[in-house]
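Bear in mind that the values in this text are calculations on the coordinates, not laboratory data. None of these values were measured; they are calculated from a predicted model.
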Amino acid sequence: MHKEAYKNLKITPSLLHEKPVEHYSKGDIRYWRKRIAKRSTGASYDHQFCYKGRRVRFNLETTNRDVAASKIREIHQYLVAMGWVETLAKYKPELHKNQLSYTLGEYIQAVEELSTQNPRTVFIYIGKARTIVAEMRGIKKTKSIANPQGEAHRKWREKVYGTPLEAITGPALQQWKRKRKGKGRRP
């Protein structure tokens, strides 16, 4: 700019008194202090996280804004480090318990009732899931379970269907896959 342009620039009192925009990192309590709120239904602060496609609200159980900001910062740091499953287990155990306390049998029953797929396809997938879970859990098949109406098959199925869903994890599936490949079979 030329010197003449600077002469025409007028600085007003309002420009001198404007506060600069403040940006804080998520590790700073001041960042969270602005993001927590009291819901109309309660007196305590809460915050809703949306992380990796999932949205969960955390009640911070305090009316002190600084304490609430500190709590939500701690939850956020734990969530980023450990993921949803561990965070819910630690900070919302009642929600975590309700979501993971189902068995394979209950899950399969829900799939059978709610699926819009071809029933034959669902039947085949359920059979494959039973086989995978049985092998993962070491529930042996014997020749006596070949008859689907037989007592031995019913007992085997009850053992498999009693498997809690929380036992079917990514690492457990990978271990099953490696074990199966080691035996020369396709996973």
The answer for Thr62, listing residues at least 5 apart or on another chain whose modeled amide H is closer than 5 Å to its amide H, is Tyr45
Under 5 Å, built H, 5+ apart or other chain: amide partners of Thr103: Leu165
Step through the residues of the range 57-71 one at a time and calculate ³J(HN,Hα) from phi using the Karplus curve (6.51 cos²θ - 1.76 cosθ + 1.60, θ = phi - 60°), rounding each to whole Hz and writing x for Gly and Pro. 9, 10, 7, 8, 6, 8, 9, 8, 4, 5, 5, 4, 5, 5, 5
Once Tyr107 and Thr142 are pulled to full extension, the length gained, defined as 0.36 nm per residue separation minus their Cα-Cα distance, is 10.1 nm
How large is ³J(HN,Hα), in whole Hz, for each residue of the range 124-129 in order, when computed from phi with the Karplus curve 6.51 cos²θ - 1.76 cosθ + 1.60 and θ = phi - 60°, using x for Gly and Pro? 5, 4, 5, x, 5, 4
Given the pairs Lys159/Lys179; Lys140/Lys183; Lys128/Lys181; Lys140/Lys179; Lys128/Lys177, which span a C-alpha to C-alpha distance of over 18 angstrom in this model? Lys159/Lys179
Checked the range 104-182 with the C-alpha gyration tensor, a ≥ b ≥ c its square-rooted eigenvalues, rounded below a/c of 1.5, otherwise prolate if a/b is larger than b/c and oblate if not; verdict oblate
